[in-house]
Amino acid sequence: MTTPRTDHLVLPGVLTAEQAAHTVRGILAGQRDDGAIPWFRGHHLDPWDHIEAAMALDTAGEHEAAARAYDWLARHQNPDGSWYAAYADGDFERPTDRSVESNFCAYVAVGVWHHYLATGDDAFLDRMWPTVAAAVECVLALQQPGGEIGWKRDPVDGNGSGGTVVPDALLTGCSSIHQALRCALAIAEAREEPQPDWELAAGALGHAIRRHPERFLDKDRYSMDWYYPVLGGTLTGVEAKARIEEGWDRFVVPGLGVRCVVPNPWVTGGESAELALALWAMGESDRALEILQSIGHLRDERTGLYWTGYVFEDAAIWPDEQTAWTAGAVLLAVAALGGHEATCAVFGAGRLPTGLEPDCC
């Protein structure tokens, strides 16, 4: 195992260089030999969280391990460009949920672009291009006339292909997909392979998120629906600021982190780190730092990983798990604050292609 490069992962009150390296080793310890990164060994892998952990590895210079995670996706992609929603312990032969979730599939574009920017590896980009292109086409097959992307496709008779489309759209998922489509367009530009259909799709989706909340399921109780349009880069400037201020007192518990769902007295590490990353993208690094400092109580110094959440009314860690993706989200937020170029480029809203805005409103 190499020694992680963690200078830009040092953040006062959040991580020392030694702690950052310990967290990276904790993620690596959960990666299977075939490259898969389940939530933790013995639990399931879902493609989105697998990619989040791989991106975190790239922030620390663990590029070979991250590349193996992306190669796992390339090897086990379904013929229609999808992946299943869950695999037992990352074993592709043991899917436990054969539905196909649109944002899970789209996120490969974010991870691949991030890895390329971190490494400059043209051969990797060439190798992963068919995987990214197939995943994008699979996701866009679920796009609705209003621009939003259907949540998922249910399996039929145990086979993920050809299942019933669930057209209902999730704001969090679609915000993540919008970021992914913009990363896919960046990959296409780098390869000099224009994708006008993707530009139209990205523009329509971004417009739906910004101007048509009625096209999405009402999940207002969830903090992810609050900050994800900002994290995904769809809302910027004054609109982003207004959205974050509107929900701040509902979701942020001073000194403890961010609620997952209101009114539940439960703060979670993943949502807190993602909000910090969204705040950084808005140019509010001081508040981002405060949020990251507030979740130090979730860190387990024995493993270098983070507990998923904390029920503050009971003063209890819950659930009893430490996920690779929670640690990954923390590392990505710290990396952005530390100026890691690839992370800043992927999450900095002004650094990605925008797509073509429809003539709608």
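Observations on the structure shown:
- One residue alone among Asp126, Asp89, Asp121 is of a type outside the set (A, V, I, L, M), modelled with pLDDT of 95 or more and under 14 Å from His50 (Cα atoms), and that residue is Asp89.
- Of all residues making up segment 34-48, the number that are free of Cβ contacts under 8 Å to residues at least 60 places away in the same chain and touching a Gly at 6+ places or on another chain (Cβ under 7 Å): 3
- As a summary of the residue check, Thr354 satisfies the conditions (1) under 18 Å from Trp113 (Cβ atoms); (2) not in a loop (DSSP other than H, G, I, E, B) except for the one numbered (2).
- Long-range neighbours under 9 Å by Cβ, at least six apart or interchain, first residue in contact (Cβ under 8 Å) with a residue 12 or more places away in the chain within segment 213-236, second part of a loop (DSSP other than H, G, I, E, B) and among the small types (Gly, Ala, Ser): Arg215/Gly146; Arg215/Gly147; Arg215/Ala169; Phe216/Ala169; Leu217/Ala169; Gly233/Gly348
- Any chance Gly147 is farther than 29 Å from Gly203 by Cβ, of a type in the set (Gly, Ala, Ser) and assigned to a loop (DSSP other than H, G, I, E, B): no
- Filter result for His44 (at pLDDT 95 or above and within 16 Å of Leu331 (Cα to Cα)): no
- Taken together, the residues in segment 15-59 that are within 18 Å of Trp325 (Cβ to Cβ) and in a loop (DSSP other than H, G, I, E, B) amount to 12.
- Residues in segment 8-29 that are buried (at least 23 other Cβ atoms within 10 Å of the Cβ) and within 19 Å of the chain's Cα centre (by Cα): Leu9, Thr23, Val24, Ile27.
- Residue check for Val267: out of contact with any helix residue (DSSP H, G or I) (no Cβ under 7 Å at 6 or more places or on another chain), over 17 Å from Asn103 (Cβ atoms) and aliphatic (A, V, I, L, M): yes
- Total residues in segment 320-346 satisfying the condition of being touching a Gly at 6+ places or on another chain (Cβ under 7 Å) and either among the aromatic types (Phe, Trp, Tyr) or surrounded by fewer than 24 Cβ atoms within 10 Å (Cβ to Cβ) (or both): the figure is 1.
- If you go through segment 98-153 and keep only what is under 22 Å from Ala169 (Cα atoms), buried (at least 24 other Cβ atoms within 10 Å of the Cβ) and over 18 Å from the mean Cα position of the chain (by Cα), you end up with Gly147, Glu148, Arg153.
- Meets criteria (touching a residue at least 40 places away in the same chain (Cβ under 8 Å) and closer than 16 Å to Ala202 by Cα) for Tyr87: no
- Residues satisfying the stated conditions in segment 241-284, i.e. within 13 Å of Phe347 (Cβ to Cβ) and in a helix (DSSP H, G or I): Ala273, Glu274, Leu275, Ala276, Leu277, Ala278, Leu279, Trp280, Ala281
- Checking each residue in segment 232-276 for being of a type in the set (A, V, I, L, M, F, W, C) and in contact with a Leu (Cβ under 6 Å, 6 or more places away or on another chain) picks out Val258, Val267, Ala276.
So that you can scan it fast, the table gives a plain yes or no per residue for (1) surrounded by fewer than 23 Cβ atoms within 10 Å (Cβ to Cβ); (2) within 23 Å of Arg302 (Cβ to Cβ); (3) in contact (Cβ under 8 Å) with a residue 24 or more places away in the chain; (4) among the acidic types (Asp, Glu):
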residue	(1), (2), (3), (4)
Thr6	no, yes, yes, no
His50	no, no, yes, no
Ala54	no, no, yes, no
Arg68	yes, no, yes, no
Ala74	yes, no, yes, no
Asn78	yes, no, yes, no
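- Any hit, segment 235-255, residues being under 30 Å from Val311 (Cβ atoms), of a type outside the set (A, V, I, L, M) and surrounded by 24 or more Cβ atoms within 10 Å (Cβ to Cβ): no
- Being surrounded by fewer than 24 Cβ atoms within 10 Å (Cβ to Cβ) and under 17 Å from the mean Cα position of the chain (by Cα) is a description that applies to Thr308.
- Subset of segment 80-97 [surrounded by fewer than 20 Cβ atoms within 10 Å (Cβ to Cβ) and more than 15 Å from Val132 (Cβ to Cβ)]: Ala88, Asp89, Asp91, Phe92, Glu93, Arg94, Thr96, Asp97
The values are calculated or read from the model by the stated rules, or taken from the named source; none is laboratory data. Please read these numbers as outputs of a predicted model, since none were measured by experiment. Ideal geometry is used to build each Cβ from the backbone, glycine not excepted, and the neighbour counts take in all protein chains shown.
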